[in-house]
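Enquirer: Mind looking over this structure? Questions follow.
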Amino acid sequence: MNVIGSAAKINFTRTLALALGAVAYLAAALPAQAERPMVVDDAGTLDKGGAKLEFGWSRDDETRGFDAAVGYGPIENLEVELALAQARDHEPDPSVRLRAVGAALKWVPLQVESGLSAGLKLEYARERADLRDAPDETARASAVTGLATWNFASGQRVHLNLGREWVRVDGDTDDANTWGVGFEHPLTGTFTVAAEVFGVEDTAPDRQIGVRYEVVEGVKLSGAVGRGNDRSFANVGVAWEF
């Protein structure tokens, strides 16, 4: 689910809100998603001693950029993630450069191959916006999300996320409930399609569909497109688990 959510208005206030809130773009780039290309997270972790590297490109309306993340499973049922993202919002004039770092801790004590898996995730993100004609501004966000996944014997999976997020800018803090529902369907042993709907309190939901393809064992390519709140968005990426 999104770590950060914000609204925007067309003028300097909108530019600042886009920059500090990271919109959905940098939120998705930070450690806040299930296997790429999904936004809704799953109730699952890396095996003990397992690791992953991820790289991607994303677009959200007029905002485009790149992200990278690393994950590690230090003990059973626990996963730690770190991420970096950089983007540019081309709608304001001049454009706004966004830089973000984030961290997540996912604990899933109940994990089964068939049936219900459940856990909890804590997230933190910090973003700096280069406004060019004004001093740089920084936003900090944190979130807690309950995770549930139902694993079918056929390989299909349904994910449910329910959470709460807090965004702090210049001493002011806004908070909101978050939610998401996702579905994964493997067409073959290496090719999976996914569909999801997710949102933040008091906003319309976003919807996204995507695909994931395992090129060789542990290496997966993915892509997705979505629409919501009068904007379109997309992402492509590669992930390596080892």
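The values are calculated or read from the model by the stated rules, or taken from the named source; none is laboratory data. Predicted, not measured: the structure shown is a model, and the values here were computed from it. No Cβ is skipped: glycine too gets one built from the backbone with ideal geometry, and neighbour counts run over all protein chains shown. Accessible surface is based on the protein model in full, side chains and every heavy atom, while ligands, DNA and RNA are left aside. Shrake-Rupley method; radii C 1.70, N 1.55, O 1.52, S 1.80 Å.
Enquirer: Here is a check on your reading of the model: is LEU116 open to solvent by 30 Å² or more (accessible area, probe 1.4 Å) and modelled with pLDDT of 95 or more?
Expert: The answer is yes for LEU116.
Enquirer: With respect to ASP89, is the statement that it is over 22 Å from the mean Cα position of the chain (by Cα), under 21 Å from ASP60 (Cα atoms) and not β-branched (Val, Ile, Thr) true?
Expert: Answer is no for this residue.
Enquirer: Restricting the search to the stretch 139-169, which residues are closer than 20 Å to GLY102 by Cβ and either part of a loop (DSSP other than H, G, I, E, B) or among the acidic types (Asp, Glu) (or both)?
Expert: GLU165
Enquirer: Further, regarding this structure: Of everything in the stretch 110-142, what is under 20 Å from ASN77 (Cβ atoms) and either in contact with a helix residue (DSSP H, G or I) (Cβ under 9 Å, 6 or more places away or on another chain) or not acidic (Asp, Glu) (or both)? Give them in sequence order.
Expert: LEU110, GLN111, VAL112, SER114, GLY115, LEU116, SER117, ALA118, GLY119, LEU120, LYS121, LEU122
Enquirer: On to the next question. Would you point out the residue of the stretch 160-187, among those that are buried (at least 18 other Cβ atoms within 10 Å of the Cβ) and charged (D, E, K, R), that is modelled with the highest pLDDT?
Expert: GLU184
Enquirer: Can you name the residue in the stretch 38-69 that is of a type in the set (Lys, Arg) and at pLDDT 95 or above and is also least open to solvent (accessible area, probe 1.4 Å) among such residues?
Expert: Looking at the filtered set, the residue picked out is LYS52.
Enquirer: Of the residues in the stretch 204-222, how many are farther than 16 Å from VAL40 by Cβ, of a type outside the set (Lys, Arg) and open to solvent by 20 Å² or more (accessible area, probe 1.4 Å)?
Expert: So the count comes out to 8.
Enquirer: Now for a separate question. Is it true that some residue in the stretch 101-108 is within 24 Å of GLU217 (Cβ to Cβ) and either in contact with a Lys or Arg (Cβ under 9 Å, 6 or more places away or on another chain) or not in a strand (DSSP E or B) (or both)?
Expert: Looking through the stretch 101-108, at least one residue is within 24 Å of GLU217 (Cβ to Cβ) and either in contact with a Lys or Arg (Cβ under 9 Å, 6 or more places away or on another chain) or not in a strand (DSSP E or B) (or both).
Enquirer: Go through the stretch 75-100 and give me each residue that's outside any strand (DSSP E or B) and surrounded by 14 or more Cβ atoms within 10 Å (Cβ to Cβ).
Expert: Residues satisfying the conditions are ASN77, GLU91, PRO92, SER95.
Enquirer: Can you tell me which residues in the stretch 109-131 are under 21 Å from ALA69 (Cβ atoms) and of a type in the set (Ser, Thr, Tyr)?
Expert: Within the stretch 109-131, just TYR124 meets the criteria.
Enquirer: Now for a separate question. With respect to the numbered conditions (1) farther than 23 Å from PHE55 by Cβ; (2) open to solvent by 60 Å² or more (accessible area, probe 1.4 Å); (3) not charged (D, E, K, R), which one is the sole condition not fulfilled by GLY228?
Expert: It fails just one condition, (2).
Enquirer: Let me ask something additional. Only one of (1) more than 14 Å from the chain's Cα centre (by Cα); (2) modelled with pLDDT of 90 or more; (3) surrounded by fewer than 17 Cβ atoms within 10 Å (Cβ to Cβ); (4) among the hydrophobic types (A, V, I, L, M, F, W, C) fails for ALA148. Which number is that?
Expert: Every listed condition holds for ALA148 apart from (3).
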